[in-house]
Amino acid sequence: MGAVTIIGSYNLGITYTVETLPVWGQTLLSRQGFFSHGGKGSNQAVAAARFGAAVRFVGAVGQDAAGISAREMLLHEGIDVSQLVMMPDYPTGIGTIFLDDHGRNAIVVNPGANAQMQIDTILPYSKDWPPDDILLAQLEVPLGTVRTVFAQHSGMRILNPAPADASYARESWDWVDILTPNETEARILCGLAPDDPVTSLELLKLLADKTHGKTIVLTLGAEGALIWHQGQDIRVPALSLETVDTTGAGDVFNGIFAAKLAHGESLPQAAYKACVGASLSVSRPGVIPAIPAVDEVNRRIEGGTQNAEMLGGSSGFSKKGSDNACI
Ligand code: RIB
């Protein structure tokens, strides 16, 4: 059984809870302010590790207090940090998060050391990655680096194209096996406006066409996910819970999803467990403290009316040339 290698960012998170966002020139007092571990790559690594995957985190932080603390946290989560580079000349990335009463957020990231993950830094490490590892990346690190290491990897490659940039509409994604955008990211990847009124199913099919039939897992927040695989679409539900904090919900989804595929679960089963895990995480504050335990997700699934068999089970899903996940 393969492990999960995550190429991604770490950011020191600074969260302010606010009623509204400030306007230009305004100083706002927030109700709460706190530091936390963040960054899409690191969040996904912790979620995957907590769901039983052997995780290697490939990333870059500064040689500063935040970078040292990041390394300690990842180690504490049982994650292999032997390929976490500590850069003396760059600061650790910072994510500033404004969180409102509805659990919605607005985030500004300064990438710091994450932006220095150039191919020369990563290539010496990528030679050691076992071919049956699942690779999982996001795009708070340079796209060119991810593209190069993905193109060289013979096992499964999952890309969470977040945050999305308008220039990505020109990318072919032929070096990816599974794309996991949310709806805003998928619209941007299709060259549409971020708020284009296209339906989820139309969007799924548009992205599938644009990527020449790649497997797409379109995450829909409270609505679960829509999967496109080998010409079929499958809808996967989420739990209906009160929303407290949506920060990092996509990260929790991606980490659990990759871990479950590494365990050999089918694409719909892995996506369903990831949806349940992400639903639970948004019902609590924070990202890493909000990641549910495996048992909690299993209990919710056993107690629920939906199960993975109803979602299409494992029949008909296999990736040619890879035996590390039954998708
Ligand atoms: O996806 C949420 C994450 O995005 C936050 O942890 C923040 O640091 C940004 O990277």
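Readers should treat all values here as calculations from the given coordinates under stated rules, not as data from a laboratory. Not measured: the values here are computed from a predicted model. Using ideal geometry, Cβ is built from the backbone for each residue, glycine included, and neighbour counts are taken over all protein chains shown.
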Problem - Estimated inter-spin distance, residue 165 and residue 242, nm [label 7 Å along Cα→Cβ] - result: 4.0 nm
Fill in the blank from the handout: Rounded to two decimals, the Debye log10 I(q)/I(0) of the stretch 224-294 (Cα scatterers, no solvent) at q = 0.15, 0.18, 0.24 Å⁻¹ is -0.45, -0.63, -1.01
Fill in the blank from the handout: Connecting every pair of Cα atoms under 10 Å apart in the chain and solving the GNM, the largest mean-square fluctuation among 140, 242, 265 falls on 242
Handout entry: Point-to-point label distance, residue 201-residue 27, nm (Cα→Cβ direction, 7 Å offset)
Key = 5.4 nm
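What does the convex hull of the Cα atoms come to per residue for the stretch 87-214, in Å³?
Numbers: hull volume 16.8 nm³, N = 128.
Looking at the stretch 87-214, the number lands at 131 Å³ per residue.
Starting from the Cα gyration tensor of the stretch 185-308, multiply each eigenvalue by 5, take the square root, and state the resulting semi-axes largest first in whole Å. Provide the component values of the computation, followed by the final result.
On the way: eigenvalues 121, 59, 30 Å².
Ellipsoid semi-axes (Å, largest first): 25, 17, 12.
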Problem - Tensor-based shape of the stretch 102-146 (alpha-carbon gyration tensor, a/c under 1.5 rounded, otherwise prolate or oblate) - result: oblate
Fill in the blank from the handout: So, for the Cα atoms of the chain, Rg and Dmax in Å stand at 18.5, 57
Practice task
Would you calculate, for the chain, the mean residue ellipticity at 222 nm contributed by helices, counting each DSSP H stretch of 4 or more residues as -39,500 (n - 2.57) and dividing by all residues, to the nearest 500?
Solution key: -9000 deg cm²/dmol
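Would you mind giving the three semi-axes, in whole Å and largest first, of the ellipsoid equivalent to the stretch 1-128 according to its Cα gyration tensor?
Details: eigenvalues 174, 58, 27 Å².
Computed over the stretch 1-128, the values are 30, 17, 12 Å.
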Exercise for the section: For the stretch 64-116, state the average projected area of the convex hull of the C-alpha atoms over all orientations, rounded to one decimal in nm². Expected result: 4.8 nm²
Fill in the blank from the handout: As a percent rounded to 5, the proportion of antiparallel DSSP bridges among beta bridges in the chain is 45 percent
Problem - Charge dipole of the chain about the Cα centre (unit charges at C-beta), most positive-ward option of 130, 285, 53 - result: 130
Exercise for the section: Taking every pair of Cα atoms in the stretch 1-48, average 1/r, invert it to obtain the Kirkwood radius, and report Rg/Rh to two decimals. Expected result: 1.21
Practice task
Extending each Cα 7 Å along its Cβ direction at residue 192 and residue 209, get the distance between those two points in nm, one decimal.
Solution key: 1.1 nm
Practice task
Mind running the shape call on the stretch 172-234? Use the C-alpha gyration tensor, a ≥ b ≥ c as the square roots of the eigenvalues: rounded below 1.5 for a/c, prolate if a/b tops b/c, oblate otherwise.
Solution key: oblate
Exercise for the section: Give, in nm to one decimal, the length gained when the segment between residue 35 and residue 175 is fully stretched (0.36 nm per residue of separation minus the Cα-Cα distance). Expected result: 46.8 nm
Handout entry: Net length gained if the chain between residue 302 and residue 69 were fully extended (0.36 nm per residue, minus Cα distance)
Key = 80.2 nm
